[in-house]
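First comes the structure, then the notes that go with it.
The values are calculated or read from the model by the stated rules, or taken from the named source; none is laboratory data. Only a predicted model underlies this, so the values are computations on that prediction, with no experimental measurement involved. All Cβ positions, glycine included, derive from the backbone under ideal geometry; neighbour counts span all protein chains shown.
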Amino acid sequence: MIGLGIGLQAALVVIGIFVARAAITTARTPQGAAAWVVFLVSFPLLALPAFALFGSVSRLSSGRAGQDVQPLARPEQGRLDSFANLAANYPTDGNTVTLLVDGQATFDAIFAAIDAAEREILVQFYIIRSDAIGDELKDHLIRAARRGVEVRVLCDIIGSLFLSFSYVRALQAEGIQIRRMRGPSRALGRLGVNFRNHRKAVVVDGSLGFTGGINVGQEYIDGGKRFESWRDTHLSIKGPMVTQLRDIFAFDWNAVTGKKLPSLQTTTPSDAPGSQRGLIMGFGPTDRLERGSLLLCGLVNLARHRLWIATPYLVPHADLVTALQLSSVRGVEVRILIPEPSDNNIAWYASRNAARSLSEAGVEVCTYQPGFMHSKVILIDDDIASVGTVNLDIRSALINFEETALIEDPTFAAEVETMLEEDFSRSRPVAIPGPWHVRLLAPVARLFGPLL
């Protein structure tokens, strides 16, 4: 702080100490708390504006109000019911859930649903790009709006940073409401860029929904310029789970606009009710409990004989590492699929560091070879699967707003098993300890886990 007056230097140090106390109580990880304390006390002139942008927030003060975990009184009907209190919602029966493998199948289904919409279309993605597939989405939404369908769109302000103004204006010119999601409310306003809304959902007429790992970008179709292909997984959902998906969108819409989503009376579907039991769970950094972390650890601990996971980013926090190691030690077959080529070099190295720790407990970590693997899938035993936006990393567990579909159904689980078997057949075990650059850089990359 050379060049500053002694009084101003002292004031900055005092403010830095005061903010450091807040960092200790609100940081999402111990490493993050320690780093912020050192930074704020040693270099307050740089650290204070940095904390305003990247620091943590109180879980009780967001526009997206923190969610209590309340006991729900109802007899359990399946293994998913153990998550009812955590989700503050019951699993529902009568759903039909369909796997959508890769981008083309996903967008074909989404566009068909948009074209058939009669009253309402809700669209939410972390990333919307002004490219070929983004333009297709825009055209389908505009045609729907011209038919009189009410269309609302949410995207993350950082994930969709390069969405063009002309794209937004074209939607608004047709009466489509589009909003960019910022961060939770902070003492200095909505300046935070660290807490991202990573959710991806489309809900049509309150009766058909989509969620999973796919954003709106041409790379999700063909791999783009960086990858020869892009492997991903999405879901199409009919039944009561769609109402839960719509409720999460309504929560975010209210947080952005200050307005409640109008109620929608859904008509009785013409097709017969489905046979699958499921639950949509959303969570984020403003929850009063670390519900994302609790969900991931709970799913890992639920496994009796098999736990297969596909994740593009293997950067788990300490509690999740312990849960995965314990599952393997108690005899569960734990297999984790991660990408070989990655879109994030630091995450690539951090994943190799986690793979080493997990492999010491017998966890099998494999690298998917052809193209980039971006699926977020968990298969538990022969009856439970999770498909959604949740990565096996610190951001998804503690920092981002996320959602996932939990399905308890042996038939659906068998379909997920077949899909993952095909993916594992295109993989090979990760090299442990790996070449010299992995041994050198992987432990260093681990330190950046909360930012990846």
**Asked** Which ranges mark the helices (runs of 4 or more DSSP H) fully within the stretch 211-303 that have 3 or more residues being among the charged types (D, E, K, R) and at pLDDT 95 or above?
**Response** 241-257
**Request:** Identify the residue in the stretch 84-110 that is crowded, with 18+ Cβ neighbours inside 10 Å and over 18 Å from residue 241 (Cβ atoms) and, among all such residues, is farthest from the chain's Cα centre (by Cα).
**Result:** 107
**Message:** Any residue at all in the stretch 419-427 that's modelled with pLDDT of 95 or more, within 21 Å of the chain's Cα centre (by Cα) and crowded, with 23+ Cβ neighbours inside 10 Å?
**Reply:** no
**Prompt:** Taking the stretch 211-229 only, how many residues are within 20 Å of residue 420 (Cα to Cα) and either within 18 Å of the chain's Cα centre (by Cα) or in the same structural domain as residue 406 (by TED's automatic domain parsing) (or both)?
**Reply:** 5
**Fill in**
Here the qualifying pairs (Cβ atoms under 9 Å; residues six or more apart or on different chains; first in the stretch 82-102 and more than 17 Å from residue 387 (Cα to Cα); second β-branched (Val, Ile, Thr)) come out as 85/69; 86/69; 88/69; 89/280
**Message:** Suppose we keep only residues that are surrounded by 18 or more Cβ atoms within 10 Å (Cβ to Cβ) and β-branched (Val, Ile, Thr) within the stretch 322-351. Which one would you say is modelled with the lowest pLDDT?
**Reply:** 346
**Prompt:** Among the residues of the stretch 356-407, which ones are β-branched (Val, Ile, Thr) and part of a loop (DSSP other than H, G, I, E, B)?
**Reply:** 363, 389, 390
**Message:** If I ask for residues that are under 17 Å from residue 273 (Cβ atoms) and buried (at least 24 other Cβ atoms within 10 Å of the Cβ), which ones from the stretch 229-238 would you list?
**Reply:** 237
**Prompt:** Do the conditions hold for residue 333, that is, is it acidic (Asp, Glu) and out of contact with any Lys or Arg (no Cβ under 8 Å at 6 or more places or on another chain)?
**Reply:** no
**Request:** Please tell me if residue 354 is closer than 28 Å to residue 102 by Cα, crowded, with 18+ Cβ neighbours inside 10 Å and of a type outside the set (Ser, Thr, Tyr).
**Result:** yes
